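To start, the structure under review is shown below, and the notes come after it.
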Amino acid sequence: MKIILRKDVATLGDAGEVVTVKNGYANNYLIPQGYAIRATEGTLKALETEKKQQARKIELQRTNARELAAKIEQMTLKVLAKAGESGKLFGTVTAGDIAEALKAQGADIDRRKIHLEAPIKALGKYEADAKLFMDITAKLSIEVEAEGAAAE
């Protein structure tokens, strides 16, 4: 029997694939558990339509990510942090701080998508990577400056 998988099944394949299995396995386990549906003409056409819509959606997200990456790479983010007279920070600048600085500039990126090589513990210029989409990454230029009159 031909079925369309609705969820990933380790021994059969990924969601959206059309596979052939024995009738009993499909009727007694896969279909009742919601892992699969019968592959009829109507469901196959619906699957094709769904795949086309998904491809369009992914392409739109990729285009938006490219535009955002170009915008971000033009910026130099200024992050204010408390620092001592030697330029050493009281604490560290985290990905969350960088995400807030990006949000203030109009680019909303989740902090978990920002990758720092090492924690920022001193004043100066740094670079970080932001993974915006599957294969699109942007370089962030970060300038850490002293907050208030502590370092001045």
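When Asp97, Asp108 are checked against the criterion of being surrounded by 14 or more Cβ atoms within 10 Å (Cβ to Cβ) and either of a type in the set (Asp, Glu) or modelled with pLDDT of 95 or more (or both), Asp97 stands alone in meeting it. Of all the numbered requirements in (1) hydroxyl-bearing (Ser, Thr, Tyr); (2) in contact with a strand residue (DSSP E or B) (Cβ under 6 Å, 6 or more places away or on another chain); (3) in the same structural domain as Lys125 (by TED's automatic domain parsing), Thr94 misses one, and that requirement is (2).
Condition check ((1) without any contact (Cβ under 8 Å) to a residue 24 or more places away in the chain; (2) outside the structural domain of Ser141 (by TED's automatic domain parsing)) across all residues:
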residue	(1), (2)
Glu50	no, yes
Ala83	no, no
Gly87	no, no
Asp110	yes, no
Ile120	no, no
Gly124	no, no
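Of everything in the stretch 123-135 that is among the aliphatic types (A, V, I, L, M) and crowded, with 16+ Cβ neighbours inside 10 Å, the residue that is farthest from Ala83 (Cα to Cα) is Leu132. Of everything listed in (1) at pLDDT 90 or above; (2) over 30 Å from Gly16 (Cβ atoms); (3) touching a strand residue (DSSP E or B) at 6+ places or on another chain (Cβ under 7 Å), the single unmet condition for Lys71 is (3).
Within the option set Thr11, Thr20, Thr43, Thr63, being hydroxyl-bearing (Ser, Thr, Tyr) and within 30 Å of Lys131 (Cβ to Cβ) holds for one residue only, Thr63. Ile142 meets the conditions (1) surrounded by fewer than 14 Cβ atoms within 10 Å (Cβ to Cβ); (2) in contact with a Phe, Trp or Tyr (Cβ under 6 Å, 6 or more places away or on another chain) in every case but one. The failed one is (1). For the stretch 1-15, a residue qualifies if it is of a type outside the set (A, V, I, L, M), loosely packed, with under 15 Cβ neighbours inside 10 Å and under 9 Å from Ala36 (Cα atoms), and exactly one does: Lys7.
Residue-wise test of (1) among the basic types (Lys, Arg); (2) more than 30 Å from Leu102 (Cβ to Cβ); (3) surrounded by 14 or more Cβ atoms within 10 Å (Cβ to Cβ).
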{"residue": "Pro32", "(1), (2), (3)": "no, yes, no"}
{"residue": "Thr43", "(1), (2), (3)": "no, yes, yes"}
{"residue": "Leu47", "(1), (2), (3)": "no, yes, yes"}
{"residue": "Leu60", "(1), (2), (3)": "no, no, no"}
{"residue": "Ala65", "(1), (2), (3)": "no, no, yes"}
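Pairing residues of the stretch 1-23 that are of a type in the set (S, T, N, Q) with residues that are not in a loop (DSSP other than H, G, I, E, B), at Cβ distances under 7 Å and at least 6 apart in sequence or on separate chains, gives Thr20/Lys2.
In this structure, Leu44 does not qualify as of a type in the set (A, V, I, L, M, F, W, C), touching a residue at least 12 places away in the same chain (Cβ under 8 Å) and more than 29 Å from Asp8 (Cα to Cα).
The values are calculated or read from the model by the stated rules, or taken from the named source; none is laboratory data. All values reported here derive from a predicted model rather than from experimental measurement. A quick note on method: Cβ atoms are made from the backbone with ideal geometry, for glycine too, and the neighbour counts reach across all protein chains shown.
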